[in-house]
């Protein structure tokens with residue numbers, strides 16, 4: 001009983017500063033806070049909204065095209081910038097995917113036994129591949145949103161589309177082993193470029209102990225697309 | 001399972017909050033393991049303290065020794081931060097005076113509860129009193145994955161978090177599992193050793209995807225190399241075969257485990273087995289056992305029949321033994337013939353898959369046609385010379 005009526009210990013000399021002062025805090029008392037919070041009103045927003053409605057169509061289209069073009073530049077020279085992730089859009093990937101699928105197609109009148117990928121097959125592979133990789137990244141606990149990831153993967157097809165263009169031009173020359181070596185070299189370089197560009201953007205969103213798990217499907221995805229480009233014969 | 005006092009600073013427990021402190025009787029006395037020291041409270045009521053364990057623990061018995069405590073309430077939290085506490089136990093000790101008269105040594109409560117897995121243990125004593133000692137006996141079978149297995153079922157299946165539990169693996173774990181599937185050690189069960197109730201879907205899914213493309217691409221490449229010199233051969237990248245390969249391999253990787261799981265469940269109802277596997281563990285074993293076929297498919301490009309068949313046998317040996325050693329403990333309690341038949345069927349299906357892929361995607365190397373074509377002109381020339 002006598003011990004129960006002990007005076008509160010001196011918190012100042014307590015060996016653990018973590019608990020200092022705790023015994024002096026009265027839990028049930030209210031501490032009033034008074035003050036003012038002001039938010040600066042941004043009156044310019046309304047004018048901005050009106051102006052995008054009233055501007056000419058050309059301005060709108062040019063703005064979107066410029067944004068797409070800027071992202072192309074970011075892919076070609078991958079730096080640590082968050083523009084691709086912040087303002088994602090799916091126009092760029094759509095343009096690239098359609099271009100790639102069109103170039104991978106050959107005239108259907110050529111050969112009935114034609115075993116190459118059709119337009120729909122390329123489209124499905126690119127989009128479902130990107131969706132699967134995104135889902136995989138999110139399931140592993142990644143910190144990236146669904147459309148941001150789709151945007152990055154779609155934009156990083158740009159080097160491979162360029163490779164397809166070069167391959168088509170090279171194939172206009174005569175066929176032969178030299179022709180094949182040139183195409184092989186171009187495709188390998190562009191494949192490495194794509195993988196490096198996309199991992200530069202995507203790797204940061206994963207915890208470090210799972211980075212390799214998230215990057216491997218990207219590697220597989222671009223490898224399959226490179227294979228389709230390399231085995232293209234007109 | 002040895003009993004360990006988890007509530008010790010030597011076991012990694014920490015008192016992360018105490019609402020009062022005295023320099024002679026600090027809160028750390030609760031977890032120092034010394035029955036002579038105690039924590040004393042000062043100030044107003046209720047008083048509380050929070051004990052944090054460094055990992056999820058399963059507590060079987062809780063012993064608290066306190067003095068002049070009227071009400072004791074224990075709450076638990078299973079999150080990493082001390083938030084989301086839920087009440088666990090609350091006890092009233094009656095009037096402090098009568099309690100003291102009845103038992104001058106203080107009050108001891110002893111709680112046995114083997115089903116709770118608390119991480120934080122706060123105890124707010126109401127009324128005048130001091131905490132004397134705390135003792136927590138816990139089951140140190142604290143394999144985190146086992147406890148998480150109990151946590152996994154909590155999310156309903158329509159939430160995203162439910163599916164995230166199937167991808168809860170790190171890079172090195174995936175590599176370990178792949179290594180385990182390549183090197184079957186006799187007597188070591190793949191599931192018990194590597195999966196340990198944390199089956200993942202990452203491995204099976206991406207190994208199957210890689211295998212699909214490996215088979216399709218290698219088949220294409222091998223056909224191209226075999227028919228390289230022929231004038232009549234027009235190279236086509238047979239893209240149709242990718243979809244066929246995908247269908248075959250993914251259905252094998254999902255339907256055969258489903259059938260096997262159903263079969264094991266049926267036999268389990270008749271014969272009590274020591275070992276039983278969940279559906280996901282079986283899918284996991286099958287998925288990882290297919291890994292050996294990826295390098296095999298790449299090596300199948302070599303256009304020699306003997307080489308290809310040797311590769312088939314090696315791959316079948318490795319993955320077949322992984323599967324056999326995994327499933328033998330699950331069926332050996334059963335009727336001898338049924339057990340043998342099950343294991344033989346598993347290996348046979350595996351062989352069917354590999355031989356079927358070899359036959360369909362890879363053309364037979366026709367190396368013996370060319371020598372006969374060149375032999376006959378020589379014979380006719382020799383005949384013309386001699387005659």
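Bear in mind that the values in this text are calculations on the coordinates, not laboratory data. If you're wondering where the values come from, they're calculated on a predicted model, not measured in any experiment. Quick reminder, even Gly has a Cβ in these numbers, built from the backbone with ideal geometry, and neighbours come from all protein chains shown.
I need B:305, B:61 ordered by Cβ neighbour count within 10 Å, fewest first.
Going from sparsest to densest Cβ surroundings: B:305, B:61.
Run the numbers for residue A:59 and residue A:128: contour at 0.36 nm per residue of separation, minus the present Cα-Cα distance, in nm.
21.5 nm
Based on the Cβ-Cβ distance of residue B:341 and residue B:157, what FRET efficiency does E = 1/(1 + (r/R0)^6) give at R0 = 30 Å, to the nearest 0.05?
Efficiency, rounded to the nearest 0.05: 0.30.
Which FRET efficiency value, to the nearest 0.05, do you get for residue A:118 and residue A:145 by plugging their Cβ-Cβ distance into 1/(1 + (r/R0)^6) with R0 = 25 Å?
Once the sixth-power term is evaluated, E becomes 0.20.
Over all directions, the average projected area of the alpha-carbon convex hull for segment B:172-309 comes to how many nm²?
That works out to 10.6 nm².
Taking each residue of B:164-171 in turn, how many C-beta atoms of other protein chains fall within 10 Å of its C-beta, and what is the average?
5
How far apart, in nm, are two points set 7 Å out from the Cα along the Cα-to-Cβ line at residue B:193 and at residue B:321?
1.1
What is the average number of partner chain Cβ atoms found within 10 Å of a Cβ in A:177-183?
0
Determine, for each peptide in B:10-20, B:162-172, the mean count of other beta carbons within 10 angstrom over its residues, then list the peptides with the highest first.
With the highest mean Cβ count within 10 Å placed first, the list reads B:10-20, B:162-172.
Rank by packing, highest mean first: peptides B:339-347, A:135-143, with packing defined as the count of other Cβ atoms within 10 Å averaged across residues.
Ranking, from highest mean packing down: A:135-143, B:339-347.
Other chains' Cβ within 10 Å of B:202-212 residues: what's the mean?
Other-chain Cβ atoms within 10 Å of each residue's Cβ, averaged: 3.
If the viscosity is 1.306 mPa s and the temperature 10 °C, what Stokes-Einstein diffusion coefficient in µm²/s follows for segment A:119-234 when Rh is the Kirkwood radius over Cα pairs?
The calculation lands on 107 µm²/s.
Treat the count of other C-beta atoms within 10 Å as a stand-in for reagent exposure and order B:55, B:241 from fewest to most.
Result, fewest neighbours first: B:55, B:241.
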